[in-house]
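Working notes, beginning with the structure itself.
The values are calculated or read from the model by the stated rules, or taken from the named source; none is laboratory data. Every value quoted in this text rests on a predicted model; they were computed, and no experiment measured them. Don't worry about glycine lacking a Cβ; one is built from the backbone with ideal geometry, like all the others, and counts go over all protein chains shown.
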Amino acid sequence: MLRRATISTTIMITMILLMLIINPRSSTAFVEQNNEPVKVVVSIEMLKTIVSPLLRGIGEVYSILPGEAEPHSFTLTPSAINYASNSDLLIVTGHMVWEEKLIEEVARIKGASADSISINLLRLNNIKILSLSGEKNYHGFWLLPENALTIAREIREKILRIKPALSPKITENYKEFERKVHELEGFLSFLSGKYGICGRNAIIGFYAEQYVAEAIGLKVSLALIGEEGVVRPEALRKIHEKPSDCACIIVSEVAVLMGDVRKTLEEISERSGCPIAYILTVSSYGLNEYDAVMYYNVGQICSALLARRPQASVTGLNIYLIVIIALLIAVALEALFLFRGRLTF
């Protein structure tokens, strides 16, 4: 009996070895599958700036929403669903209805659970959500440095579960991303404290801008544009009553896309004396990394804050700050000019 079992085992081992010799590719199929490039699809372009650094050398990231589109009015199409269904991982902000529908459809096509094929950023633990006028602001939370790190950690863990063989490289990429974000946080803290930015009042065009203002220490008093996409009369009244309370108006590319808002904002700026800082919140316009986007945004805001100062005080301003701001804008604009044809604001 023992002899028969030994013979059977020997035969099975021999057959397996013969199969591997005849078809050597089968022996590496699992390894190859786990070493294939990762394909990640994100709902909005700005999320690429967090994902791309993590996938350097191991994968690619694509966006469903075109960079120049207004995300809240986007209509989900069958082609977008099909595109996302070919990804290893789908990442959405979680605050737009069409994103939820996208996850549902992709999960149905793949025959898998939504949690296994996607990340809904709004459902992550430790995501910081700010409040404005007594209500939670779910627009633009991915722009806050601490939230960007939380998002990056979750992406790293998710990809490690999908393709464990990529652990060394994605761990290395994450550490580099983390280092850059901490450098950014240190720089923002330096600017905010040394030059009296912290606690100054700012008005924002739309809600997403609040997270950029928060990152540099500005206090947001109100948003000019409501959920309906038009300038709110009560916001106009407040800014005209106390224009001196406004250090600057921070306006995103999303706000500019909402009807004829830009002309109205420029009129408000001219009447109130509050300079406008145009920043990026949803579209990256060719900037591939999160910290580069934030350095650009901060440069724009600091430039506007300088314009708000009385002329007499500018002569006494620390020249170091002017040089820093000029460098911030110059570095970011170098990349932006490559995509000038796409820039609309």
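For ILE170, the criteria (1) in the same structural domain as TYR295 (by TED's automatic domain parsing); (2) modelled with pLDDT of 95 or more; (3) among the β-branched types (Val, Ile, Thr) hold in every case but one, which is (1). If you go through the range 58-81 one residue at a time, do you hit one that is of a type in the set (Ser, Thr, Tyr), within 22 Å of ILE155 (Cα to Cα) and not in a strand (DSSP E or B)? Taking every residue of the range 58-81 in turn, none turns out to be of a type in the set (Ser, Thr, Tyr), within 22 Å of ILE155 (Cα to Cα) and not in a strand (DSSP E or B).
A quick yes/no check of all residues on (1) modelled with pLDDT of 90 or more; (2) closer than 22 Å to THR93 by Cα:
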{"position": "ILE216", "(1), (2)": "yes, no"}
{"position": "VAL230", "(1), (2)": "no, no"}
{"position": "ALA277", "(1), (2)": "yes, no"}
{"position": "GLY286", "(1), (2)": "no, yes"}
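Scanning the range 96-119 for residues that are of a type outside the set (Val, Ile, Thr) and buried (at least 18 other Cβ atoms within 10 Å of the Cβ) yields a count of 6. In the range 115-131, is there at least one residue being within 30 Å of VAL256 (Cβ to Cβ), modelled with pLDDT under 95 and part of a helix (DSSP H, G or I)? For the range 115-131, residues within 30 Å of VAL256 (Cβ to Cβ), modelled with pLDDT under 95 and part of a helix (DSSP H, G or I): absent. Quick check on my filter: what residues within the range 159-173 are part of a helix (DSSP H, G or I) and buried (at least 19 other Cβ atoms within 10 Å of the Cβ)? ILE159, LEU166, ILE170, ASN173 - these are the residues of the range 159-173 that are part of a helix (DSSP H, G or I) and buried (at least 19 other Cβ atoms within 10 Å of the Cβ). Scanning the range 201-259 for residues that are within 24 Å of PHE74 (Cα to Cα) and among the β-branched types (Val, Ile, Thr) yields ILE204, VAL212, ILE225, VAL230, VAL231, ILE250, VAL251, VAL254, VAL256. Within the range 242-257, the presence of at least one residue that is surrounded by 21 or more Cβ atoms within 10 Å (Cβ to Cβ) and more than 23 Å from ILE216 (Cβ to Cβ) is confirmed. Is one or more of the residues making up the range 250-273 at pLDDT below 90, over 23 Å from GLU70 (Cα atoms) and either within 19 Å of the chain's Cα centre (by Cα) or among the hydrophobic types (A, V, I, L, M, F, W, C) (or both)? Checking the range 250-273: not a single residue is at pLDDT below 90, over 23 Å from GLU70 (Cα atoms) and either within 19 Å of the chain's Cα centre (by Cα) or among the hydrophobic types (A, V, I, L, M, F, W, C) (or both).
Going residue by residue through the range 50-65, is there one that turns out to be more than 27 Å from ASN297 (Cβ to Cβ) and touching a residue at least 12 places away in the same chain (Cβ under 8 Å)? For the range 50-65, residues more than 27 Å from ASN297 (Cβ to Cβ) and touching a residue at least 12 places away in the same chain (Cβ under 8 Å): present. Could you tell me whether the range 64-81 includes any residue that is at pLDDT 95 or above, within 14 Å of the chain's Cα centre (by Cα) and outside the structural domain of TYR211 (by TED's automatic domain parsing)? The answer is yes, given that some residue of the range 64-81 is at pLDDT 95 or above, within 14 Å of the chain's Cα centre (by Cα) and outside the structural domain of TYR211 (by TED's automatic domain parsing). Close Cβ contacts (under 6 Å, 6 or more residues apart or on different chains) running from residues in the range 92-113 that are in the same structural domain as TYR207 (by TED's automatic domain parsing) to residues that are assigned to a helix (DSSP H, G or I) and buried (at least 21 other Cβ atoms within 10 Å of the Cβ) are absent. Across the range 279-301, the number of residues qualifying as surrounded by fewer than 21 Cβ atoms within 10 Å (Cβ to Cβ) and either over 21 Å from HIS182 (Cα atoms) or basic (Lys, Arg) (or both) comes to 1.
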